[in-house]
Amino acid sequence: MWLAIVAGMFFAGDLLAWHHAVDQVGAGLATVLGNLQVIVVALVAWLAFGERPPRSVLLGLPIVLAGVLLISGLVGTGAYGANPPLGAALGIFTAFAYAGYLLVIRRGSNDLRRPAGPVAISTASTAAVAIVVGVVFGGLDPVPSWPSHGWLALVGITSQSIGYLVISISLPRLPAALVSIILLAQPVATVLIARVLLDEEPSVAQLLGVALVVGGIAIATIPVGRLRDRAAGRTS
């Protein structure tokens with residue numbers, strides 16, 4: 001239970017930083033930066049638990065960092081967002097906070113028969129932390145208004161409740177390669193959807209940064225050698 005509470009605190013940091021990153025650099029690019037957690041998890045597990053990351057993670061890290069530099073708007077002109085450097089910094093913080101959530105919630109979800117318990121406890125912890133931050137620093141609007149709170153309720157029911165429950169159920173049951181491939185679909189899809197629904201137009205340099213981030217994550221997480229060996233074994 002205590003691990004789930006701590007995980008919820010990390011998740012509150014993730015959501016708070018990500019929503020501010022959206023304001024500064026747009027929903028699509030903020031989601032790309034948040035998905036750096038794929039690499040951050042490996043690095044934090046190395047530093048905190050002595051789990052040395054594979055060479056592929058170290059190879060992908062400089063590519064990802066170059067992509068973040070381009071997304072931040074520090075290189076090139078016409079960067080999208082009110083404050084791309086601040087948005088990039090908040091996106092990186094989001095990745096570290098989300099990595100903390102994933103690492104802690106995995107350690108608190110040993111019983112595969114009861115996946116909803118840790119998710120419920122961590123969600124309550126996230127709500128408590130968000131309320132405290134909202135009261136202390138402002139930005140909390142407790143008076144319901146339409147359609148704003150309607151959209152928030154829809155997000156809470158779909159992606160936050162059902163989505164994370166499904167993630168908690170699937171993480172221990174899927175091969176690592178498949179998880180990595182699925183995770184790569186999210187940032188790419190978000191950039192495309194944000195262009196259609198929110199009319200976000202990242203600069204050419206930022207789109208190149210997106211490609212580098214996604215490519216670096218792919219290098220770091222997809223075991224190409226093992227997949228090639230399995231394919232060769234099947235054909236033989």
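None of the figures in this text is laboratory data; all of them are computed from the coordinates on show. This structure is a prediction, so every number in the text was calculated from the model and none was measured. Don't worry about glycine lacking a Cβ; one is built from the backbone with ideal geometry, like all the others, and counts go over all protein chains shown.
The Cα-based radius of gyration and maximum Cα-Cα distance (Dmax) for the stretch 22-116 are 15.5, 52 Å. When both the stretch 127-146 and the stretch 1-52 are represented by their alpha-carbon centers, they are found 21 Å apart.
The P(r) of the stretch 129-170 has a tail past 11 Å containing 70 percent of all C-alpha pairs. The radius of gyration of the Cα set in the stretch 1-57, together with its Dmax, comes out at 13.9, 36 angstrom. Relative to its residue count, the stretch 64-163 spans a Cα convex hull of 151 Å³ per residue. Sequence-ordered 3J(HN,Hα) estimates for the stretch 63-77 from the Karplus curve with 6.51, -1.76 and 1.60 and θ = phi - 60° stand at 5, 5, 5, 5, x, 4, 4, 6, 5, 5, x, 6, 10, x, 10 Hz, glycine and proline given as x. Across the stretch 66-165, Cα pairs under 8 Å and at least six residues apart give a relative contact order of 16 percent.
In the stretch 40-96, Cα pairs under 8 Å separated by at least six residues give a relative contact order of 26 percent.
Put in line by how crowded their Cβ is, counting other Cβ atoms within 10 Å and starting with the fewest, 164, 98 read 164, 98. The Kirkwood radius of the stretch 54-97, taken over pairs of alpha-carbon atoms, gives through the Stokes-Einstein law at 37 °C and 0.692 mPa s a diffusion coefficient of 290 µm² s⁻¹. Exposure proxy for 102, 165: other Cβ atoms within 10 Å of each Cβ, ordered fewest to most, give 165, 102.
Each of 129, 68 was scored by other Cβ atoms within 10 Å of its Cβ. Arranged with the fewest first, they read 129, 68.
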